[in-house]
Structures are given as C-alpha cells and as structure tokens.
Amino acid sequence: MEKHSILLGTLLLVLFSSFTSTEACKYAGSNIGYVKSQTEKALAMDDINKARYYAYKALNAIVKSKDQINECGCDYALNSIDEGLHNLKMATRASTIGATRILLDRALKRILDSLDALADHEFHDSPYGNDVLVLNTAKVPKNKKFAKKPDAGLLKSKIDLSLENYKSSLNEVINSVNCLEAKDFAQKIYNHCEQELLKPNLSEGKKYYNLRTKEITAKALRQLGDCMEQAR
C-alpha cells in the first residue's frame, strides 16, 4: 500500500517537471525531497527505535525548510507540510511499530502533497495552469494582467508536450497499481476535468488542458475496464 501511495503521489509530481519554479521553491522542493526519503526509511524499519530515528530526521528537516517554503509563498505546500510535521511528531510518540507506521504513512502522503503543490505553485495564479491534476480549486485573480497573450498554437504544443509525461506515468500506474486504486485515482482526475470544463469564462489554455487530460484519462479508464470482473 505504501508503495502504491508513493507511486500515485510521484505521478502528480512528474506531471509538472517540465515547468520552472522560483529559486525559493526549488530549494524548498529539494529539502522536502530529503524529508520524503527519511520518512520512507522510517516506514521501512521493523524496529520502533530505528523508525523514530528517521522520523526525527524528517521532522527536523521540515523545521529547517520552513523559511524556504515561506519564501516560495505556496500556502498549499505549507499547509500540507505542517500536517506532515504533526503526523511525524505523533509517530515519534507512538508506543507500537504498527501505530508508528500508520502515522508515518499519513505523514508521507502529506509530504507528497506538499511536493505536488510546490511543483504546481507557479500555476496557482496562471490563466492556463494545470491545477486540475492536484485537484485543487485555485482561482485566477480577475485583475491579473499579463504582458503578452500567449500564442495559442505554442501554448497547445507546450500543453501537449507536458501531457506526454502524464500519459506515460498514468500507463505506469495502470500496470503497477491495484486496479481499483488506479481506477479511483484516474476517475477523480476525469471528474475534476468535467467540472472544470463546465465553468464559464474558462481560458482557452485551461479548456484545452482539461479537455486533453480528460481524453487521455478516459482512455486509461477504458483500459482498466471493470476491476471487479478482472478480480474473478
């Protein structure tokens, strides 16, 4: 289950790898990547004291990363990492390895959420951002001004290119993750795209991004088929 959660979380991070971030966000992402690795090490431990050791390393790294996250200005990442920090603290206080692992797993999910948010940060205020894939409801300020309207053909080409990563990563999920879990993941993205496309005054970039993401995800859902039927 932990492996599947990591794969699904990592998929979302991969989707944004072709877009640049601010230096502060890059530093924060690097630090939180270390937090992720230490949390994963803690989860792999059978001895509770060793699990606590890596959990302490992870939470100390979060504390040291707060300045970078604040400088980045990503509230989504900050909220997620705060929840991760809380679960890590609880994990160090748990009295059994089973309880420790449950809390570590919760922490890891929130850490992955923070990485996703950092990767998508520049799109939180973008008129054609790909917030669909982090399943958030970020809105563009109405008075936001841009120096130059992006060329429609160039914009679509960039979106198509970024979605190639999504397509290949989604295929990896289909081939590696439990059918029901993969289908639930894909269905959430598909449903969100549908809701986004119903919004009035949606920018052309967002329309195209959501439409193409919906089409790619629909194909994946057809490929997954009836999971219950496959299980028989």
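Out of the range 183-207, which residues are part of a helix (DSSP H, G or I), free of Cβ contacts under 8 Å to residues at least 60 places away in the same chain and either open to solvent by 10 Å² or more (accessible area, probe 1.4 Å) or among the small types (Gly, Ala, Ser) (or both)? Lys183, Asp184, Ala186, Gln187, Lys188, Tyr190, Asn191, Glu194, Gln195, Leu197, Lys207, listed by residue number.
Taking Leu85, is it under 17 Å from Ser30 (Cα atoms) and either modelled with pLDDT under 90 or not charged (D, E, K, R) (or both)?
Working: under 17 Å from Ser30 (Cα atoms): yes; either modelled with pLDDT under 90 or not charged (D, E, K, R) (or both): yes.
Yes; evaluated as a whole, the condition is true for this residue.
The set of residues from the range 177-204 being at pLDDT 80 or above and among the small types (Gly, Ala, Ser) comprises Ala182, Ala186. All conditions but one from (1) open to solvent by 100 Å² or more (accessible area, probe 1.4 Å); (2) at pLDDT below 80; (3) not acidic (Asp, Glu) apply to Lys158; the one that does not is (2). In the range 86-101, the qualifying residues are those that are buried (at least 22 other Cβ atoms within 10 Å of the Cβ) and of a type in the set (A, V, I, L, M, F, W, C), and the one that is farthest from the chain's Cα centre (by Cα) is Ala91. Note on the range 208-232: among residues that are surrounded by fewer than 18 Cβ atoms within 10 Å (Cβ to Cβ) and polar (S, T, N, Q), the one that is farthest from Ser162 (Cα to Cα) is Gln230.
The values are calculated or read from the model by the stated rules, or taken from the named source; none is laboratory data. Keep in mind that this is a model prediction, so the values were computed, not measured. Every residue, glycine among them, receives a Cβ derived from its backbone with ideal geometry; neighbour counts consider all protein chains shown. What goes into the accessible areas is simple: the full protein's heavy atoms, side chains included, and nothing from ligands, DNA or RNA. Shrake-Rupley method; radii C 1.70, N 1.55, O 1.52, S 1.80 Å.
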